[in-house]
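What follows draws every value from the coordinates through simple rules; no lab data is involved. No experiment lies behind these values; they were computed from the predicted model shown. Here the Cβ is made from the backbone with ideal geometry for all residues, glycine too, and neighbour counts use every protein chain on show.
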Amino acid sequence: MYSEKVMEHFRNPRNVGEIENPDGIGEVGNPVCGDMMTFYIKVDNGIITDVKFKTFGCGAAIAVSSMVSEMAKGRTIAEALKITNEQVAQELGGLPPHKLHCSNLGADALHAAIQDYLKKQEQKK
Amino acid sequence: MRHVYFDHANSTPLLPEACAAMLPFLNQEFGNPQSFHRLGETARKAINIAREQVASLIAALPGSIIFTASASESNNLAIKGLVLANRAKGNHIIVSTIEHHSVLEPVKGLRRLGFEFTLLGVDRYGQVDPRELSQAIRPDTILVSIMHANNEIGTIQPLKELIGVCHEKGVLIHSDGTAAVGRIPVNVTELELDAYSFSAQSFYGPKGAGALYLKPKTRILPLIEGGIQEQGRRAGTENVAAIVGMGKAAEICQSRLPAWAEQMQRLAERLYDELPKRVPRLVFNGHPTEHLPGVVSLCVEFVEGEALLLCLDDEGIAAASGSACTARTLKASHVLLAIGLDHALAQSSLLLSLGKDNTSDDVDYFLDRFPPIVERLRQLSPLYARHLKGEDPYAFKTGQGDDDKEN
């Protein structure tokens with residue numbers, strides 16, 4: 001049902017965990033749709049130097065989280081904000097149609113973490 | 001890799017004897033049972049024997065069996081056929097909240113024809129209270145449909161009492177026996193049921209073969225018209241091979257069921273005993289005693305069901321889950337929600353349904369492979385992280401997706 005690439009990321013997810021004193025935290029999902037993701041980012045000079053995540057969800061949700069974390073690492077904030085859920089699905093070699101909506105929240109979680117970081121920067125000023 | 005099949009609730013392997021009995025009817029014995037020649041006669045006789053075998057399995061008369069293509073078709077035929085044949089008597093139907101979709105959807109669909117229905121809730125074990133049924137029956141109630149046992153949680157209904165209530169009030173009662181047949185003995189005559197659905201794939205028969213028991217002299221309207229097959233109650237040339245396979249499987253099941261059930265239950269008991277010792281935070285579903293042998297329904301807290309199934313499949317273990325992610329509709333199992341589980345817990349469901357061929361080695365293998373899988377997925381889970389920190393695991397900001405209020 002899943003592509004080889006999805007299964008590979010599901011079996012060996014990258015960047016799993018939490019960051020102590022992160023610069024931004026993003027959470028998306030709820031138990032009704034079944035997937036919940038928490039993203040942590042470390043930002044240095046406008047560049048995302050570290051990304052970690054924890055995900056409760058199906059195979060697609062875990063693979064998506066892993067893929068987004070790889071795509072975001074080393075990117076500038078501006079670049080990372082341009083990553084879309086569609087791009088993530090494409091990078092994974094596609095997702096089953098019925099999973100595109102529910103499990104494909106990785107970019108949203110990443111963006112939520114970036115927004116959290118930007119809000120904290122704003123508060124520091 | 002070792003292969004362990006714990007998904008008998010979804011399908012069972014075909015008995016070799018049933019397969020052998022079917023083969024001639026897929027080859028040289030291709031006659032239409034309604035034809036007037038030797039080939040037709042052979043097929044007709046084979047169906048008659050199968051009808052006796054299938055009837056015997058549930059202690060019914062052969063003439064009370066209508067062959068269908070599946071339990072879903074049997075459920076549709078029972079609901080629509082009985083309701084439409086009794087329209088003059090009333091327009092109200094009662095079903096439980098944990099029925100299979102092939103009962104729930106026809107009932108909902110009948111609203112378009114002016115029928116009304118009541119959904120009867122269940123307790124936390126999944127049982128319908130006979131007193132509540134009694135209160136729900138109205139003067140215009142014409143049919144009650146309550147499943148014999150539930151495939152997802154293994155709970156067996158107090159069917160005798162529920163049937164008693166229906167007879168007292170003069171209302172027809174149908175029961176979906178799909179999960180029960182092949183796991184517990186069934187006697188529809190003693191139960192005094194009006195209609196009973198089941199299918200061959202629950203008891204090691206082929207797919208494409210189901211049956212509806214209908215108490216003699218019960219009126220029903222057919223879903224498929226235009227043929228004299230099944231006494232005009234189900235038109236269309238009979239699926240002879242599948243029916244023959246169902247008959248053979250029924251015959252074997254009847255004689256071996258006590259031994260199968262004992263073995264399945266012994267293995268299930270070991271899972272019930274050992275799993276909590278090896279994996280913390282498991283919640284077991286279903287009734288503690290009124291329970292199908294060999295069915296283990298549980299929730300693995302903080303871990304999602306589909307992810308569990310994928311990991312188990314990587315180890316050669318086939319199981320099932322009521323998680324929304326495993327359903328094409330993306331909705332969590334209505335059965336798990338009906339017994340009061342919240343959505344997060346329903347997402348964590350795992351269903352292990354054992355069968356006659358499972359061994360204690362299968363159980364040992366599962367007990368060996370399961371704990372590290374749960375541990376790995378919990379390490380990934382933000383819910384588990386919160387739990388370890390003593391926080392509320394489910395206090396999540398909802399960034400996307402609104403609560404599904406539709407019910």
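For segment B:167-237, applying the loop criterion from DSSP together with a ceiling of 12 other beta carbons within 10 Å to the trypsin sites (Lys or Arg not before Pro) yields B:Lys217, B:Arg219. Normalised by the number of residues in chain A, the mean separation of alpha-carbon contacts (under 8 Å, six or more apart) gives a relative contact order of 32 percent. I'd like the FRET efficiency for A:Arg14 and A:Glu79, computed as 1/(1 + (r/R0)^6) with the beta carbon distance as r and R0 of 30 Å, rounded to 0.05. Taking R0 as 30 Å, the efficiency between A:Arg14 and A:Glu79 is 0.95.
Considering only beta bridges that DSSP places wholly inside chain B, some 50 percent are antiparallel. Give me the angle, in degrees from 0 to 90, between the Cα long axis of helix B:305-314 and the longest principal axis of the Cα atoms of chain B, rounded to the nearest 10. Value to nearest ten degrees: 90. Between B:Leu282 and A:Glu4, the FRET efficiency from the beta-carbon distance, with R0 = 25 Å, is close to 0.20.
Measuring gaps between exposed loop sites in chain B (GluC sites (Glu not before Pro); DSSP loop; at most 11 other Cβ atoms within 10 Å), the longest gap, sites not included, is B:1-224. The longest stretch of chain A left intact once loop-based GluC sites (Glu not before Pro) with at most 15 other Cβ atoms within 10 Å are removed from consideration, loops following DSSP, is A:21-125.
Amide hydrogen proximity for A:Asn30: with H placed 1.01 Å from N in the peptide plane, the residues at 5 or more positions away or on another chain lying under 5 Å are A:Asp35. One chain, two ends: B:Arg87 and B:Ile224. Fully extended at 0.36 nm per residue, the span grows by 47.5 nm beyond their Cα-Cα distance. For segment B:314-385, the relative contact order works out to 28 percent when only alpha carbon pairs closer than 8 Å and six or more residues apart are counted. Residue-wise HN-Hα couplings along segment B:155-168, as the Karplus relation 6.51 cos²θ - 1.76 cosθ + 1.60 with θ = phi - 60° gives them from phi, are 5, 9, 6, x, 4, 4, 5, 5, 5, x, 4, 5, 5, 4 Hz; Gly and Pro carry x. Taking every C-alpha pair closer than 8 Å and separated by at least 6 residues, the mean separation divided by the residue count of chain B gives a relative contact order of 21 percent. If both residues of a DSSP beta bridge must be in the protein assembly as shown, then about 65% of such bridges are antiparallel. Between helix B:360-380 and chain B there is an angle of about 50 degrees, using the helix long axis and the longest principal axis of the Cα atoms. Taken over the alpha carbons of segment A:4-124 as equal point scatterers, the Debye sum produces base-10 log I(q)/I(0) values at 0.14, 0.16, 0.17, 0.21 Å⁻¹ of -0.51, -0.66, -0.74, -1.11. Helix B:38-57 and the longest principal axis of the Cα set of chain B meet at an angle near 50°. Note on segment B:16-253: antiparallel DSSP beta bridges, both residues inside, total approximately 40 percent of the bridges counted. Were the residues from B:Glu190 through B:Lys45 laid out at 0.36 nm apart, the gain over their Cα-Cα distance would be 49.4 nm. Can you tell me the FRET efficiency between B:Ala20 and B:Leu367 if r is taken as the Cβ-Cβ distance and R0 is 45 Å, rounded to the nearest 0.05? My answer for the efficiency is 0.80. Comparing B:Tyr272, B:Tyr384, B:Tyr394 in a Gaussian network model of chain B, where Cα atoms under 10 Å apart are tied by springs, the biggest mean-square fluctuation is seen for B:Tyr394.
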